[in-house]
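Nothing in this text is a laboratory measurement; each read-out follows from the coordinates by a stated rule. Small disclaimer: the values here were computed from a predicted structure and weren't measured. Glycine also receives a Cβ, built like all others from the backbone with ideal geometry; neighbour counts cover every protein chain displayed.
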Amino acid sequence: MSFKVKDHYFKKAKQENYLARSIYKLKEINEKFKIINKGMNVLDLGYFPGSWIQYTCEVIGEKGKVVGIDIKPVNKKLTGIKNVNLLESDYLDFSDWKSLVPDGKFDVVLSDMAPNTTGIKDVDQARSLGLVEKIIYELPVFLKPNGSLVFKIFDSNDAQNEIRNLRKIFKQVKIFRPDSTRSVSKEIFVVAKNYEA
Ligand SMILES: C[S@@+](CC[C@H](N)C(=O)[O-])C[C@H]1O[C@@H](n2cnc3c(N)ncnc32)[C@H](O)[C@@H]1O
């Protein structure tokens with residue numbers, strides 16, 4: 001089953017000129033929860049190779065802006081696009097949000113970041129949670145009031161606790177597993193809307 005899914009979305013992404021099959025996860029999320037809209041400023045953490053950047057550009061149009069950060073060198077396939085700004089940086093070390101958009105704040109923060117997996121469940125879950133914890137800690141710095149947050153996390157008891165805490169600072173928090181997620185994957189997506197800064 002998982003290989004069939006992989007084949008289908010992998011081929012579809014190639015045919016439609018998207019840089020990764022992950023595009024369909026964000027598309028499903030956005031069609032269901034309507035978080036990205038025309039003219040918005042969007043931050044994409046762990047953007048490489050950049051299918052979420054491609055999709056976001058289609059939705060936000062010329063008046064919006066998308067900033068991508070990834071540890072990997074900037075993907076030159078995306079550098080010609082006017083309203084895209086890509087940075088090579090470890091998110092865990094990055095702090096200069098004010099240099100990215102005028103007030104340093106975004107309408108939407110996306111994270112498809114995944115740590116390098118070790119195969120040791122507890123270690124992988126803890127690393128995944130570590131990335132998300134930093135995002136949540138920094139929300140007052142880079143998310144606009146009423147803004148939305150979408151992130152990927154490996155499911156665990158600690159992850160569920162963190163999600164419960166989010167309900168105190170967002171009006172709506174949903175856990176979502178897109179159909180395009182491989183069936184063997186332990187990842188879930190959290191979609192949080194209406195940030196109460
Ligand atoms: C699954 S890929 C993202 C795919 C992307 N959403 C797309 O649609 O093309 C996860 C990315 O997270 C990046 N990443 C993991 N940890 C990171 C960190 N601490 N800082 C920045 N990027 C990170 C990885 O380098 C990798 O490129």
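Can you pull the one-decimal nm distance between simple spin-label points at Glu196 and Val74, each 7 Å off the Cα toward Cβ?
4.0
Could you give the distance between the Cα centres of region 1-78 and region 133-197, to the whole Å?
18
Would you mind counting up the charge near Lys121? Only other residues with Cβ under 15 Å from its Cβ, with Lys and Arg at +1 and Asp and Glu at -1.
Combined, the nearby Lys, Arg, Asp and Glu give -3.
I need the helices of the chain that pass two filters: whole DSSP H segments spanning 30 Å or more by Cα along the axis, and mean Kyte-Doolittle score no lower than -0.5.
Values: long enough: 121-142 (31 Å, 0.17).
Span-like helices here: 121-142.
So, with +1 on the Cβ of K and R and -1 on the Cβ of D and E, and no other charges, what is the size of the charge dipole of region 2-195 about its Cα centre, to the nearest 20 debye? Display every interim value, and only then the final one.
Values: 33 positive and 24 negative charges, 145 e Å.
Here the size comes out at about 700 debye.
Who wins for biggest fluctuation among Val101, Val141, Val123 in a Gaussian network model of the chain, springs between alpha carbons below 10 Å?
Fluctuation is largest for Val123.
When N counts the residues of the chain, how does its alpha-carbon radius of gyration compare numerically with 2.2 N^0.38 Å, as a ratio? Working shown, then result.
On the way: Rg = 15.9 Å, N = 197, 2.2 N^0.38 = 16.4 Å.
Taking the Cα Rg and dividing by 2.2 N^0.38 Å, one obtains 0.97.
Given the options Gly130, Gly80, Met113, identify the residue whose Cα lies farthest towards the positive end of the charge dipole of the chain (+1 on Cβ of Lys, Arg; -1 on Cβ of Asp, Glu).
Checked the options; the winner is Gly80.
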